[in-house]
Amino acid sequence: MKKMTFVAGMAIAAVTLASCGKAGAPKASLKSDIDSLSYSIGVGLSEEFKMYNILQQEFGVDSAYVADFIRGAKEALGAANDKKQAAYYAGLQFGKVLTDRVIPSANQQFFGEDSTKTINGQNMLAAFFTGIKGDSLLIKADQGQKIQEQFRQKQEEIREAKLQENKVAGEKWLEENKTKEGVQTTESGLQYKVLTKGTGKVPTAESKVKVEYEGRLIDGTVFDSSAQHGSEPAQFAANQVIKGWTEALTMMPVGSEWEVYIPQELAYGQRDMGTIKPYSTLIFKMKLVDIVE
């Protein structure tokens, strides 16, 4: 997202939404220099809101309900010196934080990718307010911690089971792949197929090389390529990449183009690299362009 000015950032932090009802914008009265300054700040703020679509992007306000946004902003601003009203608007803001941040974060922590389950917001609020008021809780703090730990542990078990499935799928894929025509397997388990046989020098592990490449998962998902980083080949030392790459590069004469099939233990292993999940088997099409002397 584009960077916003300090004024816009302060507005986002301060404005609280309200629901229902209709109201127009307040009428301006420019009777002093400060009035004009205040109005000019509002003008700039409106330009930024329009330019970056802040109502929609930051607040989730549908264009059909701008009047309700204005009403909420007016009432929140007018409540600045009214402690009772200020508390109410703070509650609205707190509820929005729960909806937009706390509950989604808890869902991810305790349920992972299972979108069929969600935290019960009403129960969470009931416990929160009971605790704030000092009344008797249905579940004590130490019990709550145990419940949360049990859910976290269960989520970790589900995650690990999925990772093992990923590992097994990769092993099965490699087992089938090694029987295909032209595929060769090294002692380490690395598999490769020569697409173009080069005639140049073979790099050592310490050599700096120029390589064009494309990497994908066994399901065909492309996760990286040298083309994504510019028109020039990637440059790096052959020993500063994953083990599978180092092994392949130190067997390839300059000018060679290989398809390399890398077992997870020669790639990223149990590390989570975003698109590349733990225990992923990787496939690379690699062209060794040159060795940088």
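Couple of notes before you dig in:
- Filtered by the rule that a residue be among the β-branched types (V, I, T) and under 12 Å from M252 (Cα atoms), the range 196-231 gives T196, T199, V202, T204, V209, V211.
- Every condition in (1) open to solvent by 100 Å² or more (accessible area, probe 1.4 Å); (2) assigned to a helix (DSSP H, G or I) holds for Q93 except the one numbered (1).
- Within the range 269-280, tally of residues that are touching a Leu at 6+ places or on another chain (Cβ under 8 Å) and more than 17 Å from N177 (Cα to Cα): 6
- Of everything in the range 54-81 that is surrounded by fewer than 12 Cβ atoms within 10 Å (Cβ to Cβ) and not in a helix (DSSP H, G or I), the residue that is modelled with the highest pLDDT is D62.
- Test: E149 is among the acidic types (D, E) and either modelled with pLDDT of 90 or more or outside any helix (DSSP H, G or I) (or both): yes
- Residue in the range 137-157 that is farther than 30 Å from A79 by Cβ, among the aliphatic types (A, V, I, L, M) and open to solvent by 80 Å² or more (accessible area, probe 1.4 Å) present: yes
- Among the candidates V183, V102, V168, residue that is at pLDDT 90 or above and surrounded by 13 or more Cβ atoms within 10 Å (Cβ to Cβ): V183
- Only listed residue being touching a Leu at 6+ places or on another chain (Cβ under 7 Å) and closer than 28 Å to K167 by Cα, chosen from S188, S256, S225: S188
The values are calculated or read from the model by the stated rules, or taken from the named source; none is laboratory data. Computed from a predicted structure; not experimentally measured. Neighbour counts run over all protein chains shown; Cβ positions are idealised from the backbone, glycine included. Ligands, DNA and RNA are stripped out before the accessible areas are found, and what is left, the full protein with its side chains, is counted by its heavy atoms. Shrake-Rupley method; radii C 1.70, N 1.55, O 1.52, S 1.80 Å.
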